[in-house]
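The values are calculated or read from the model by the stated rules, or taken from the named source; none is laboratory data. Bear in mind that the values here come from a model prediction, so they are computed numbers and not experimental data. Every residue, glycine among them, receives a Cβ derived from its backbone with ideal geometry; neighbour counts consider all protein chains shown. Accessible surface is based on the protein model in full, side chains and every heavy atom, while ligands, DNA and RNA are left aside. Shrake-Rupley method; radii C 1.70, N 1.55, O 1.52, S 1.80 Å.
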Amino acid sequence: MKLPKLNFSFKLPTIKIYGIDIVKNFLFFTFFIFLTLLSIGVIIAPTIRIFKKYQNEFYKTQSEFNVLKNHYLQKNEELKKLQKMNSKIISALNRDFNKNNFKNFASKFMNITNIREINSSIYKDDFIKTSYMLDAIIKSPKDFYDFIDALKNYKYVIRAYFPVNFEKKEESIALSFKIEHYKINEKWKMKNGK
């Protein structure tokens, strides 16, 4: 048995205005809109989701950065205040010991006859401690104690050690004692970028 052939042919109606087929143009326009929406859904929508994800990460990171920046600026301001308050001690720790300058300073209180460097060593990794032995002549013990009081205002960081050897010589007193000069270690400066 033979099946009859079915002829399904579909013919688009033809409507033309000024020589333009309206039906075909409408179908092409609909197909174009469909492809555009499909490309937006397949290509652009995932990109927008990724963009929003990274945008959220950016805002979160920016917020953390602003908090850290404000903390840094606050600490930097505190550091500047501390440096300003302690500028005298900071500059004193940067100076090298000058024997002639020290003799000149001490001449108000005593006559220094000899300054000998004993040794130099690293102190607490950040400082260089240099020890000196001083021989001097004073008129009275009060001069020595006035000298000790004046050391706190001196331009170097000096530490005087006790005991002090006092020895009576005619109308004056000969004394010998140890002092230490402290200076910032150059390696510490390089390590901390100073």
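Side notes on the structure shown:
- Listed by position, the helices (runs of 4 or more DSSP H) inside the stretch 46-155 whose residues that are touching a strand residue (DSSP E or B) at 6+ places or on another chain (Cβ under 9 Å), open to solvent by 100 Å² or more (accessible area, probe 1.4 Å) and among the aromatic types (Phe, Trp, Tyr) number at least 1 form an empty set.
- The number of residues in the stretch 133-176 being touching a Pro at 6+ places or on another chain (Cβ under 8 Å) and under 20 Å from ASN119 (Cα atoms) comes to 0.
- Given (1) modelled with pLDDT under 80; (2) touching a Phe, Trp or Tyr at 6+ places or on another chain (Cβ under 9 Å), index of the condition MET133 fails: (1)
- Residue satisfying all of: in the stretch 94-144; among the small types (Gly, Ala, Ser) and more than 20 Å from PHE166 (Cα to Cα); nearest to the chain's Cα centre (by Cα) among these: SER121
- Residue within the stretch 127-142 that is free of Cβ contacts under 8 Å to residues at least 40 places away in the same chain, of a type in the set (Val, Ile, Thr), out of contact with any Lys or Arg (no Cβ under 9 Å at 6 or more places or on another chain) and not assigned by the TED database to the domain that holds GLU180 present: no
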